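Notes for the one structure printed next.
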Amino acid sequence: MSIELCVLASGSSGNCCLVRTPAGVLMIDAGIGPRLAARRMMGTGVGIADIAAVCLTHLDRDHFSPYWVSTFIKHGIRIFCHAGRVEELLAACEDENLAALVHGFDDQPFEALPMVDVHPIPLAHDAQGSHGFVLDGFGHRLGYATDLGHVPGALLDHFTDLDLLALESNYDPAMQEQSGRPIFLQRRITGGWGHLSNEQALWAIRQIFDRAQRAQARLPSHIVLLHRSRQCNCPRLVRKLFSRDARIAARLTLAEQFQRTEWLARRGRRVAAGEQLLLAWE
């Protein structure tokens with residue numbers, strides 16, 4: 001088994017994905033409730049009880065739902081949240097039993113699962129910011145970033161040499177301008193502190209591919225586009241834009257709000273020594 005990604009939901013109504021590893025299952029964000037998540041997991045081979053930990057990018061309602069609290073406590077699921085938001089998280093949940101499960105991270109790597117390190121990447125998003133992650137373990141690397149107002153250089157540095165890449169591609173600029181949304185909202189989204197446009201996402205992915213090829217590093221087997229706006233974006237426009245680069249078009253998956261993806265994993269992988277050790281004890 002490699003590191004595999006399954007996006008259960010992605011969009012303004014809720015974000016949640018699963019990462020399956022030889023050391024267990026990790027969830028990134030919990031923006032849909034546990035009942036809906038359990039239904040989306042049907043057919044994946046894993047369930048709520050298999051989740052060992054959750055990493056939160058930030059605490060916006062579409063990325064963390066307090067409805068998870070009793071489930072986290074029941075199953076002993078550890079929650080990794082940026083240290084600067086831990087008090088806010090606990091106050092929102094109003095359950096003293098949750099505190100023992102919450103672990104604050106700073107900008108240094110932490111071990112979310114045995115032999116799986118998570119490298120957090122600070123991102124600009126509204127006043128409090130957000131975090132992207134690189135999951136690194138068993139010879140595999142996954143890069144995940146959503147809700148970022150612009151692409152920082154650190155993200156490009158960390159996202160070189162990946163097996164899987166998941167990146168926000170939120171809006172089409174013309175559709176945003178013609179949406180009829182209030183000007184203050186449009187400025188929040190497009191002003192460098194909100195979300196990435198399709199063009200910004202494409203530029204970032206091209207940079208990641210170019211850097212990897214210059215370094216003779218691996219290229220992602222799959223590129224998953226996250227958090228697509230239903231009002232200000234269109235799958236047809238996204239696919240047309242990203243098809244300009246044949247390297248990307250052949251690897252593209254569009255995450256959806258109302259249906260999950262399949263399990264996505266590196267193609268043509270080799271089993272790492274650490275993976276063989278853990279699998280021997282299953």
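We did not get these values from a lab; they are worked out from the coordinates using the rules stated. As the structure is a prediction and not an experimental result, all values here were calculated from the model. Methodologically, a virtual Cβ is constructed for each residue, glycine included, from the backbone with ideal geometry; neighbour enumeration extends over all protein chains shown.
At-a-glance table
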{"read-out": "Integer Hz, Karplus 6.51/-1.76/1.60 couplings in order for region 124-132, x for Gly and Pro", "value": "7, 7, 6, 6, 8, x, 9, 9, x"}
{"read-out": "Residue-by-residue Karplus 3J(HN,Hα) for region 242-252, coefficients 6.51, -1.76, 1.60, Hz, glycine and proline x", "value": "6, 6, 5, 10, 4, 4, 7, 4, 6, 10, 7"}
{"read-out": "About the Cα centre, charge dipole magnitude for region 14-127 (Lys/Arg +1, Asp/Glu -1 at Cβ), debye", "value": "640 debye"}
{"read-out": "Label-point separation in nm, His75 to Arg267, each point 7 Å along Cα→Cβ", "value": "3.2 nm"}
{"read-out": "Karplus (6.51, -1.76, 1.60) ³J(HN,Hα), θ = phi - 60°, over region 106-113, in Hz, Gly and Pro reported as x", "value": "9, 9, 9, x, 9, 9, 7, 9"}
{"read-out": "Rg and Dmax [Cα atoms of region 108-196; Å; Rg one decimal, Dmax integer]", "value": "15.3, 48"}
{"read-out": "Distant-in-sequence amide H partners of Ala30 (H built 1.01 Å from N, under 5 Å)", "value": "Phe64, Ser65"}
{"read-out": "Packing-based exposure ordering (other Cβ within 10 Å, fewest first) of Met42, Met115", "value": "Met42, Met115"}
{"read-out": "Backbone N within region 171-202 under 12 Å of label point (7 Å from Cys234 Cα along the Cβ vector)", "value": "172-176"}
{"read-out": "Which of Ile79, Ile48 has the fewest Cβ neighbours within 10 Å, and the rest in rising order", "value": "Ile48, Ile79"}
{"read-out": "Neighbourhood net charge (13 Å Cβ-Cβ; Lys/Arg +1, Asp/Glu -1) for Leu101", "value": "0"}
{"read-out": "Other-chain or far-sequence residues with amide H under 5 Å of Ile79's (modelled H)", "value": "Val54, Val102, His103"}
{"read-out": "Amide H contacts of Val25 (H built 1.01 Å from N, under 5 Å, at least 5 apart or other chain)", "value": "Ala52"}
{"read-out": "Estimated inter-spin distance, Asp126 and Glu96, nm [label 7 Å along Cα→Cβ]", "value": "3.0 nm"}
{"read-out": "Per-residue Cβ neighbour rank within 10 angstrom, fewest leading, Asp161, Asp50", "value": "Asp50, Asp161"}
{"read-out": "Rule-of-thumb Rg ratio for the chain [Cα; 2.2 N^0.38 Å; N residues]", "value": "0.96"}
